[in-house]
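Worksheet for the structure shown next.
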Amino acid sequence: MHIITQQSTLAAWLCLAALCLPTSLAARQASDTVAPQTTHTLKPQTLVNAKQFMVATAHPDATQAGYAILKAGGSAVDAAIAVQLVLGLVEPQASGLGGGALMVLWDADKQQLVALDGRETAPQAVTPDLFLDELGEPLAFMDAVVGGRSVGTPGTVALLAHAHANYGKLPWQDLFGAARQLATDGFVVTAHMAEQIADSADSLRTFPATQQYFFTPSGKPLPAGFVRNNPEYAKTLDVLAKQGAKGFYQGEIAQAIVDTVSKAANPGKLALQDLADYQVKAREVLCVDYRQHEVCGMGPPTSGMVAIGQILGMLSHFDLKKLGADNPQSWRLIGDATRLAFADRGRYLADSDFVDVPVQALLAPAYLKQRAQALQGEKALETVAPGDPLPKVSQQWADDAALELPSTSHFVIVDAKGNVVSLTSTIENGFGSRLMTKGFLLNNELTDFSFKAAEDGVPVANRVEAGKRPRSSMSPTIVLKDGKPVMALGSPGGPRIISHVTNALIAQLDWGYDIQQAFSMPHRVNLFGRYELEDSTSAAAMRPALEALGYEVTTSTMTSGLSGVVITPQGLQGGADPRRDGTVLGD
């Protein structure tokens, strides 16, 4: 019997395959309809158990779609496609067809990990001054974001098609049913989505198509409970179902994307050839040893696994279990190890197709032991600087201060055969570039590059270059023990992703938390010296102790979206972040 983590009509699905629908939505027709506001009662607060398969996502409709595919005998990749197609509709502020994604996959047949890069690329026509004004100074961030200038070549559709060709089981066209019917009949706007729309209301009004979609006929931001349909998205899905990725990267949809980018205020450089040339890339799988486990993820262009590996490598020299989760000294060690990793990240991490990133040197045990020496005291580090993993390598690059924002989504799927998918997808800033075409939003990923190409004549590794993929913090992670997967997890959150995932790993591997407890743990994040504590949680009580250690401390809301699955000999355990609308289902 399948396990459902929420009580609502959304949990009632009648299906045998991918055409299954949420029966509570199928009867709704008008886009002005407002449903009961039950969203926040759907959040899972307890550990979910299953025996055969499991799916954990940031939205109940997406979880249901993935569950239906697994129930019909589909693979983890099949379910991932159905999940992402639904997320692009019901969580458009976070990810979608117009963005990019990274997938880490455990192939049960070959007993190996695979890392697939569907990150966006810079158009061939970009120049180093893309985000500089007429005086050569960096644009204000939102001036760069809104419009066509920030749009990179989307990679999500190509990634889904590539993964299906290699790891799919059910027919491609059978994976579109749930997303298509939700687009046709309507989906319920959650409280989280309504809050995001209200927060971005001014910029969403910039373009007529975007305003029409995200506001009621009376001109108000869509409220929680509103039922929104998207017939244009349904038509796009029909094209993709019939033509595959070719239907996105060539033809009418490709032309619409290019026209939208080039004709918008603040136009961009994206061209038809950029779309036609896009390729998914297999990336190096990186693994680091931590507490008798191998923590594994993807190498550049994401900085996620390198930074997580560095943090864990430094912390491996300290007994966090003995110190405990409530000890300020534990968080001093975690926070300052994170700061050291971020200093290296800002100097060295970029697309390794364009930059010689010293990945192995950055993760070398001897180098991390040396970096960990700085953590031996009992007070906060006064200053943090990049290290030299190779002789004089730090002199080759200048520091990057690119601003990466947290609108992203993550999900984990384990199928009955033991295949595991950990996938993070994004359109960067909330609602991306605010440009909408064919029923989906376009990304603003190019603002993940450094706005300046050099500092005092020294190049920045993460500078804008034609065809290059911007640095990311996305951290789709799979943990192995004795060569077998035992856990998969990830999160949205911009650069905080690295801390969210690392801290959840520490909670489980050092402090014995189950996966739901780890995801519900209050956030404590220190990337650049200032300690951020999650507002209105028990973490805020640690403020005086951290200030006594020498930190500047602030409190803020941190909307992570952790999801994950633990694989045990007895079965599967799943968790989803209570801060969003995440749910877990399994059999």
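The values are calculated or read from the model by the stated rules, or taken from the named source; none is laboratory data. This one's a predicted model, so the numbers in the text were calculated from it and none came from an experiment. Each accessible area value is taken on the protein alone, full model and side chains, heavy atoms only, with ligands, DNA and RNA left out. Shrake-Rupley method; radii C 1.70, N 1.55, O 1.52, S 1.80 Å.
Could you tell me the center-to-center distance, by alpha carbons, between the stretch 218-236 and the stretch 304-355 in angstrom?
After rounding, the separation between the Cα centres reads 41 Å.
Take each complete run of DSSP H in the chain, measure how far its Cα atoms stretch along the helix's own axis, and keep only those covering 24 Å or more with mean Kyte-Doolittle hydropathy at least -1.0; list them.
Details: long enough: 328-348 (30 Å, -0.68).
Taking the DSSP H segments of the chain (at least 24 Å long, mean hydropathy at least -1.0), we get 328-348.
Need one word for the stretch 150-205: rounded, prolate or oblate. Basis is the Cα gyration tensor (sqrt eigenvalues a ≥ b ≥ c); a/c below 1.5 gives rounded, then a/b vs b/c decides.
Since a/c reaches 1.5 but b/c is at least a/b, the shape of the stretch 150-205 is classed as oblate.
Would you give the gap between the C-alpha center of the stretch 100-132 and the C-alpha center of the stretch 153-196, rounded to a whole Å?
Value for the Cα centre distance between the two parts: 18 Å.
Whole Å is fine, so just give me how far the alpha carbon centre of the stretch 497-536 lies from that of the stretch 42-90.
Rounded to whole Å, the Cα centres lie 24 Å apart.
Could you estimate the translational diffusion coefficient of the stretch 273-354 from the Stokes-Einstein equation, with Rh from the Kirkwood formula over C-alpha pairs, at 25 °C and 0.890 mPa s, in whole µm²/s?
Answer, rounded: 169 µm²/s.
Per residue, how much accessible area does the stretch 173-286 have with a 1.4 Å probe, in Å²?
With all protein chains present, the stretch 173-286 gives 44 Å² per residue.
With an 8 Å Cα cut-off and a minimum separation of 6 or more residues, compute the relative contact order for the stretch 253-408 in percent.
Numbers: 160 pairs, mean separation 29.9, N = 156.
Computed over the stretch 253-408, the figure is 19 percent.
With contacts defined as alpha carbon pairs under 8 Å and 6 or more residues apart, what's the relative contact order of the chain in percent?
Answer for the chain is 25 percent.
When a/c reaches 1.5 or more, the comparison of a/b and b/c decides; with that in mind, is the stretch 82-221 rounded, prolate or oblate per its Cα gyration tensor?
Because a/c hits 1.5 or more and a/b fails to exceed b/c, the stretch 82-221 counts as oblate.
If each Cα of the stretch 60-99 is one equal point scatterer, what is log10 of I(q)/I(0) from the Debye formula at q = 0.23, 0.24, 0.26, 0.27 Å⁻¹?
Each listed q maps to, in turn, -0.64, -0.68, -0.76, -0.80.
When Rg is the radius of gyration of the Cα atoms in the chain and Rh is its Kirkwood radius, what does Rg/Rh come to?
Ratio of gyration radius to Kirkwood radius: 0.95.
Taking square-rooted eigenvalues a ≥ b ≥ c of the alpha carbon gyration tensor, is the stretch 521-562 rounded, prolate or oblate, where a/c under 1.5 means rounded and, failing that, a/b exceeding b/c means prolate?
Oblate is the answer for the stretch 521-562, as a/c is 1.5 or above yet b/c matches or exceeds a/b.
Run the helix sum for the chain: -39,500 (n - 2.57) per DSSP H stretch of 4+ residues, divided by residue count, reported at 222 nm to the nearest 500 deg cm²/dmol.
After summing the helix terms and dividing by residue count, I get -9000 deg cm²/dmol.
Over all alpha-carbon pairs of the stretch 427-526, lay out the pair-distance distribution in 5 Å bins, whole %, shortest bin first.
Taking every Cα pair in the stretch 427-526, the percentages come to 2, 11, 15, 15, 14, 13, 13, 10, 5, 1.
Would you mind telling me the share, in percent, of accessible area of the stretch 435-483 contributed by carbon and sulfur at probe 1.4 angstrom?
Numbers: 500 of 1190 Å².
Carbon and sulfur: 42 percent of the exposed surface of the stretch 435-483.
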